[in-house]
Amino acid sequence: QVHVAESGGGLVQAGGSLRLSCVASGSIFRYNYMGWYRQAPGKQRELVAIITAGGGTNYADYVKSRFTIARDNADNTVYLQMHSLKPEDTAVYYCLLRTEFEYWGQGTQVTVSS
């Protein structure tokens, strides 16, 4: 059984920074990629950033140069460092582990006040 858990969300003022963490545990032999998605109220879930097991990254245009994704393959952990946060970044941030299946975390709330 695989479990994915996020942490690190919170309330921050515009222009501030937060670091999200995601740990995947259980029977994980290898994975294709891990990543972050977000969902704001009334909107669809959208891609933020992903990182492959080999280290390749892909970012949504609206977070490029502000967010950085990194991973630690040794313990199946992925991080999202967020800088220059904007009120429109307010959302629940979800972690995804993609093997032959998709495993989602419960999400962590990020609120950016203006």
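Structure above, values below:
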{"item": "Pairwise FRET efficiency - E46 versus E100, Cβ, R0 = 22 Å, nearest 0.05", "result": "0.40"}
{"item": "Relative contact order for the chain, counting Cα pairs under 8 Å that sit 6 or more residues apart, in percent", "result": "37"}
{"item": "Debye, to nearest 20: dipole size of the range 68-114, +1 on Lys, Arg Cβ, -1 on Asp, Glu Cβ", "result": "120"}
{"item": "Sequence-distant residues sharing a close amide H with N58 (under 5 Å, placed H)", "result": "I50"}
{"item": "Rg and Dmax of the chain, Cα atoms only, in Å", "result": "13.4, 43"}
{"item": "Accessible surface of K64 - all protein chains present, 1.4 Å probe, nearest 10 Å²", "result": "110"}
{"item": "Electrostatic dipole magnitude of the chain [Cβ: Lys, Arg +1; Asp, Glu -1; Cα centre; debye, to 20]", "result": "160"}
{"item": "Protection-proxy order for peptides 48-56, 18-26, each taking the mean of Cβ atoms within 10 Å per residue, highest first", "result": "18-26, 48-56"}
{"item": "³J(HN,Hα) computed for each position of the range 73-80 - Karplus, 6.51 cos²θ - 1.76 cosθ + 1.60, integer Hz, glycine/proline x", "result": "5, 4, 10, 6, 10, 10, 10, 10"}
{"item": "Residue-normalised accessible area of the range 1-99, expressed per residue, 1.4 Å probe, Å²", "result": "52"}
{"item": "Viscosity 0.890 mPa s, 25 °C: Kirkwood-radius Stokes-Einstein D of the range 20-75 over Cα pairs, µm²/s", "result": "196"}
{"item": "With DNA, RNA and ligands ignored, accessible area of Y59 (1.4 Å probe; Å², nearest 10)", "result": "50"}
{"item": "Rounded percent of accessible protein surface that carbon and sulfur make up, the chain, 1.4 Å probe", "result": "47"}
{"item": "Accessible-area value, D61, 1.4 Å probe, nucleic acids and ligands omitted, Å²", "result": "120"}
{"item": "Inter-label distance for I28 and V2, nm, one decimal - labels placed 7 Å from Cα along Cα-to-Cβ", "result": "0.8"}
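The values are calculated or read from the model by the stated rules, or taken from the named source; none is laboratory data. Predicted model only: the values in this text are computed from it and were never measured. Here Cβ is always computed from backbone atoms with ideal geometry, including for glycine, and neighbour counts include all displayed protein chains. The protein model used for the area step is the full one, side chains on, heavy atoms only, and it has no ligands, DNA or RNA in it. Shrake-Rupley method; radii C 1.70, N 1.55, O 1.52, S 1.80 Å.
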